[in-house]
Structures are given as structure tokens and as C-alpha cells.
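Chemist: A single structure is presented below for examination.
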Amino acid sequence: MEKKYRQQPSSIFKVVLFGPESTGKTTLSEQLARHYNTVWVPEYAREYLQDKWNNERKTCEPKDLLPIAEGQMRLENKLTKKATDILICDTDLLETKVYSEAYYIGHCDPILEKYALENKYDLYLLTYIDIPWEEDDLRDKPNERERMFSYFKNTLEKYNRNFIILTGDKKKRLQDAVEQIDKLLQ
């Protein structure tokens, strides 16, 4: 049953875009996939929660987190098979864990937490909050960007994840990400 939250074995190099909402993760995921001629894994939560908002006018609730995690891993495992030497992930279960704890007073479903910590990635690209906030139906913490960034950074440090912080405009972020990825691929 819990198998649906686990990464399928792969020798592919996996990079995760990680950080608060509206910090350019999706844009950079697309750019990196294009640069490395590979596929990228979109953030399943956006599709899931946008459908929920459109149909019920409800936001995310704790009961949504496991279906989101399952959908994210289904996408990642499917796209891993289509990737070249590298897979770009717009998010991972560790990010879902961060949001769960930030929104639900420190609570995270034990199943989500288990796989958020077990699934492995080669590099995390932590996106800083120095780009303009873009509002949409799902984003709701424009005044808490600094606190959320700290939460994301502390999580990567706490679980000893390999990461770099990306700052600056889109061009600089792409250059810095490519430089770091190329070093690790050699």
C-alpha cells in the first residue's frame, strides 16, 4: 500500500526545486529540462488543489496531503523512465512535509513523513524570495515569505540534504543551477 509513495529504483541524477511559493521553481524546472534535453516533473499539488478550488471553492486540508503525495510520486516514477541522464523535479515529498507542518501546526502524516525522508535526490535547488510575488488562486502567504524560506532552508539542513541557494533574476538562477549540476554530473 505504502509503495505508492516510494521512488522506483533508478540510476538517474535527480534535482529538486525547493522553496516557498512564488519563487520561480516551475519556470526554472522548465528551463533546466530544456537545457539538459530531458523531462521535468510538474508539481502535482497545483493541479490537484486548483481542481479542488475550481469545483468546491475549498483550499488544502490535511486529508489532501496523502493523495497529493501519491500523485507526485506517480508522476515522478512515470517521468523517470522518460528522462535522459537527469530528472528535474518541481517539488518532492519533503516540500509537502514542510507545507504540512507550516499550515497544520507542526503536524505531518507519518506515512508522508516516512517517504519524504526516505526518497533521495542528488541536489536541491533552494529558491530565494528575491523575485516578485505573483498572486494566484492557491498562493496565500505573501507576507510570510521570509519565515517560509527559513523553514525550507532549516529543513534541508536538518535532514542533511545537498543544496544550494539560488538568488537573482531568472538568467542568473539558471546559470548558477547549470554550473552546480554540471559539476555534480562530472
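Chemist: Note the per residue figure in Å³ for the convex hull of the C-alpha positions in the chain.
Modeler: Residue-normalised Cα hull volume stands at 117 Å³.
Chemist: How charged is the neighbourhood of Lys14? Take every other residue with its Cβ under 11 Å from the Cβ of Lys14, and add Lys/Arg as +1 and Asp/Glu as -1.
Modeler: For residues surrounding Lys14, the net value is -3.
Chemist: Assign unit charges at the C-beta atoms only (+1 for Lys and Arg, -1 for Asp and Glu), then state the dipole size of the chain relative to its Cα centre in Debye, rounded to the nearest 20.
Modeler: 500
Chemist: Please give the FRET efficiency for Asp169 paired with Asn143, using the beta carbon to beta carbon distance and R0 = 22 Å, rounded to the nearest 0.05.
Modeler: Once rounded, the FRET efficiency stands at 0.45.
Chemist: If you average the sequence gap of Cα pairs under 8 Å that are 6 or more apart and divide by the length of the chain, what percent do you get for the contact order?
Modeler: 33
No value in this document is a laboratory result; all are computed from the given coordinates. Here the structure is a predicted model, which means the values were calculated and not measured. No Cβ is skipped: glycine too gets one built from the backbone with ideal geometry, and neighbour counts run over all protein chains shown.
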